[in-house]
Amino acid sequence: MEEIRPSHKAFWSVTKALKTEGYTPIPPLKRLDGSTALDDAEVAECLADSIETQCSHVSPPHDPAHISRIEEEVLQKTSLEPRDDLTPVSLSEVQLLVRSLKTRKAPGLDGISNKAIKCFPQQLLSLLVAIFNACLQNCYFPPAWKEAEVIGIHKPGKPRDLPASYRPISLLSGLAKLFERVLKTRLSDHLFGKGLIIDEQFGFRPAHSCPQQVLRVVEYISEGFKNKQKTVAVFFDVAKAFDRVWHAGLVYKLYSLQVPDRLIIIIQNYLINRHFTFRHERTHSTRRIIRAGVPQGSALSPLLYSAYTNDIPRPTSGVQLALFADDTALYYKNRNRTTLPTIRRFQSAIDELDQWFRLWRIDVNPEKSAAIQFKYSKGRSNFVVDWNTPNLKMLNARIPWQRSYKYLGVTLDRNLLFREHIARVRKTALFYTARLGAMLGRKSKLSRRNKRTIYKMCIRTVMTYASPVFAHAAPTALDRLQVIQNKFCRSATDAHWCVRNSVLHRDLELPTLSKYMKDASKRFSTSRDHIPMRFFERRLTISRRPHPLYPPLGRAGRNGNRPVTVPGDIHAETTPSGVVHSACQAPSTLTCRPAALGEAIIVSDLSKTRRLTT
């Protein structure tokens, strides 16, 4: 265990097993008619019924005339002979795709695993190239590659006895995924190469991420705070967005984006007549058809959804639009002291968006959506919204006002203090720390390098996700996250309580969280330089803050988690030569052990030496 390397499979297998709850069998399920599915075959059929309903349009169309017109136009265009040619598939392209396959992915119904595909000789790869080129030339997607085997994963926090509480995971053919990536390359070259995807869409596009979209919203609101402006934002909950994409509408929009007609016909053939079977334990359900939506688990699906929502109304009245795949938000700030003109303009933008949603058969849950009035305040207000603020509505249903909302992994509160977000990630980090305590604790046989690797990959990433967004939060709130890292350093090194945290960070070669966040913010600011700066109100700046976590050394508690005093918050100070820094006067902190009772010990304060008596 001491010599095992972080690249070893067993290293991460044990870590994953300790982090997760483990496998729990699916209990008997309640059907919609009130009966109960008991045995494996009934459970498989019950879940298959739920998925089949999920992948179909359950509500009647808002505008039947519009539906008929679009379907007739698509039928007419796809019946014509394709005129555009696509770039042929080369052997080097397929070899590059095969090398990038992940060997631990489960195979589809054909049983051909990615590990087997990576072992294909050049003769088989050449045959695969010929098959792909024939499919491109004949606008064909093999029916055998449109069969999916689906398993169910329980959604955290949902009741286990309801079919809707299980997230379907599709196991697709590995060969089909290769061909999908060939199609994705050609579609993305057209959409992104010609700049056809709107700038407001940050989802599934190169050099864009969730934190960048959240930062765009936060900077807009913060700029309003500087000018004493309130910002109203609405975050929409789109129901089953990927599972209910209207196929004819998607093909129609691909034609509107001037995608090569040969590629459009292949995508249409790829979408229609897809089937799945649900697997529960060793039992399979009957074969079911998928009537709507883009295939789950496909590399092509996110790009198709971006194309489907690319003509979403972009408000011209000053209201801002933010998109990340199906996560949709509107926000607007105004100088008016009265909120009525702001709400009227905002309601007009919501009505326009509502009309577009219904026209293209996208379902939105107004009750699960959220409206927030962002307002600068040093303290916590007792009101969720100002008393004279009218309600916002969608589909004749009220959108509830809330104090906070979790948007793209970051909890935004109405005062942008980020206390709720820090409390949430701290709770998650403590949970992972407790679950991984056997591997990170004082009695663990793992090397300190492996302990540090586990901490950085499993715990620090939780605390510092989207850190450029909340790095300007109050130091007292951020210090609560630093305490978790301090305790890890002391536990991982089995150091005595009197050893300073700065020494532990130096020996473990770990920067403080403030230093890590500062470096991440610099990289983040550089990575977003290609994004239009009209989306960002100001450049990101992180000010230096001290870390007054605990009192000075003479008043330290028994846990020894004193501040990490690092000059400039860059690197830990080096211990002066000839000065010991442990209770046992060992040459290194990592070998420190508690002194015997009554023994006089020497502790280095990195600036002066004091004599303590235990």
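The values are calculated or read from the model by the stated rules, or taken from the named source; none is laboratory data. Keep in mind that what you see is a predicted model, and the values were worked out from it rather than measured. Note: ideal-geometry Cβ built from the backbone for every residue, glycine included; neighbour counts use all protein chains shown. Areas reflect the complete protein model, heavy atoms only, side chains present, ligands, DNA and RNA absent. Shrake-Rupley method; radii C 1.70, N 1.55, O 1.52, S 1.80 Å.
Would you confirm whether any residue within the range 393-410 is in contact with a Pro (Cβ under 9 Å, 6 or more places away or on another chain) and hydroxyl-bearing (Ser, Thr, Tyr)?
no
Anything in the range 448-467 that is assigned to a helix (DSSP H, G or I) and either within 21 Å of the chain's Cα centre (by Cα) or among the aliphatic types (A, V, I, L, M) (or both)? List them, or say none.
Residues satisfying the conditions are ILE454, TYR455, LYS456, MET457, CYS458, ILE459, ARG460, THR461, VAL462, MET463, SER467.
Would you be able to tell me the number of residues in the range 149-174 that are surrounded by fewer than 20 Cβ atoms within 10 Å (Cβ to Cβ), more than 23 Å from the chain's Cα centre (by Cα) and of a type outside the set (D, E, K, R)?
Of the residues in the range 149-174, 2 are surrounded by fewer than 20 Cβ atoms within 10 Å (Cβ to Cβ), more than 23 Å from the chain's Cα centre (by Cα) and of a type outside the set (D, E, K, R).
Would you check if there is a residue in the range 114-124 being closer than 21 Å to SER173 by Cα, modelled with pLDDT of 95 or more, part of a loop (DSSP other than H, G, I, E, B) and of a type in the set (A, V, I, L, M)?
no
Please state which one of TRP497, TRP401 is out of contact with any Asp or Glu (no Cβ under 7 Å at 6 or more places or on another chain), within 23 Å of VAL214 (Cβ to Cβ) and open to solvent by 20 Å² or more (accessible area, probe 1.4 Å).
TRP401
Among (1) charged (D, E, K, R); (2) buried (at least 18 other Cβ atoms within 10 Å of the Cβ); (3) in the same structural domain as LEU75 (by the TED database), there is one condition LYS333 misses while meeting the rest; what is its number?
Just one mismatch for LYS333, condition (3).
Taking the condition of being touching a Leu at 6+ places or on another chain (Cβ under 6 Å) and farther than 10 Å from LEU513 by Cβ, how many residues in the range 469-482 meet it?
1
Out of all the residues in the range 457-498, which are touching a residue at least 24 places away in the same chain (Cβ under 8 Å) and among the hydroxyl-bearing types (Ser, Thr, Tyr)?
Within the range 457-498, THR464, TYR465, SER467, SER491, THR493 meet the criteria.
With respect to the numbered conditions (1) modelled with pLDDT of 95 or more; (2) open to solvent by 10 Å² or more (accessible area, probe 1.4 Å); (3) under 22 Å from VAL218 (Cβ atoms), which one is the sole condition not fulfilled by THR461?
THR461 satisfies all of (1) modelled with pLDDT of 95 or more; (2) open to solvent by 10 Å² or more (accessible area, probe 1.4 Å); (3) under 22 Å from VAL218 (Cβ atoms) except (1).
Do we have any residue at all in the range 127-135 that's part of a loop (DSSP other than H, G, I, E, B), open to solvent by 50 Å² or more (accessible area, probe 1.4 Å) and modelled with pLDDT of 95 or more?
no
Residues GLU52, GLU71: which one is open to solvent by 20 Å² or more (accessible area, probe 1.4 Å), assigned to a helix (DSSP H, G or I) and either within 14 Å of ASP161 (Cα to Cα) or touching a strand residue (DSSP E or B) at 6+ places or on another chain (Cβ under 7 Å) (or both)?
Step by step, each of GLU52, GLU71 is checked, and only GLU52 is open to solvent by 20 Å² or more (accessible area, probe 1.4 Å), assigned to a helix (DSSP H, G or I) and either within 14 Å of ASP161 (Cα to Cα) or touching a strand residue (DSSP E or B) at 6+ places or on another chain (Cβ under 7 Å) (or both).
Those residues that are open to solvent by 10 Å² or more (accessible area, probe 1.4 Å) and under 19 Å from ALA241 (Cα atoms), I need them from the range 276-293; list them, please.
Within the range 276-293, ILE289, ILE290, ARG291 qualify.
Against the condition of a type in the set (Phe, Trp, Tyr) and assigned to a helix (DSSP H, G or I), how does TYR405 come out, does it pass?
No: the conditions fail for TYR405.
ILE117: surrounded by 13 or more Cβ atoms within 10 Å (Cβ to Cβ), in contact with a Phe, Trp or Tyr (Cβ under 8 Å, 6 or more places away or on another chain) and hydrophobic (A, V, I, L, M, F, W, C), yes or no?
no
Each row is one residue, and each column tells you yes or no for (1) at pLDDT below 90; (2) in contact with a helix residue (DSSP H, G or I) (Cβ under 7 Å, 6 or more places away or on another chain).
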site	(1), (2)
ALA349	no, no
TRP356	no, no
TRP360	no, yes
ALA370	no, no
GLN373	no, no
ARG380	yes, no
ARG403	no, no
GLY409	no, yes
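Condition check ((1) in contact (Cβ under 8 Å) with a residue 60 or more places away in the chain; (2) buried (at least 21 other Cβ atoms within 10 Å of the Cβ)) across all residues:
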residue	(1), (2)
PRO313	no, no
ALA349	no, yes
GLN355	no, no
SER369	yes, yes
LYS393	no, no
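Identify the residue in the range 426-447 that is buried (at least 19 other Cβ atoms within 10 Å of the Cβ) and under 24 Å from the mean Cα position of the chain (by Cα) and, among all such residues, is farthest from LEU321 (Cα to Cα).
LEU436
Do we have any residue at all in the range 207-216 that's within 27 Å of CYS55 (Cα to Cα) and either open to solvent by less than 40 Å² (accessible area, probe 1.4 Å) or free of Cβ contacts under 8 Å to residues at least 24 places away in the same chain (or both)?
Taking every residue of the range 207-216 in turn, at least one turns out to be within 27 Å of CYS55 (Cα to Cα) and either open to solvent by less than 40 Å² (accessible area, probe 1.4 Å) or free of Cβ contacts under 8 Å to residues at least 24 places away in the same chain (or both).
Report every pair of residues separated by at least 6 positions or lying on different chains whose Cβ atoms are under 7 Å apart, first residue within the range 65-88 and within 11 Å of TYR252 (Cβ to Cβ), second small (Gly, Ala, Ser).
ILE70/ALA248; ILE70/GLY249; GLU71/ALA248; VAL74/ALA248
Go through the residues of the range 404-425 one by one and say whether even a single one is in contact with a Gly (Cβ under 8 Å, 6 or more places away or on another chain) and either hydrophobic (A, V, I, L, M, F, W, C) or buried (at least 21 other Cβ atoms within 10 Å of the Cβ) (or both).
No, the range 404-425 contains no residue that is in contact with a Gly (Cβ under 8 Å, 6 or more places away or on another chain) and either hydrophobic (A, V, I, L, M, F, W, C) or buried (at least 21 other Cβ atoms within 10 Å of the Cβ) (or both).
Report the residue count in the range 175-206 for those that are touching a residue at least 60 places away in the same chain (Cβ under 8 Å), under 22 Å from the mean Cα position of the chain (by Cα) and not in a helix (DSSP H, G or I).
9
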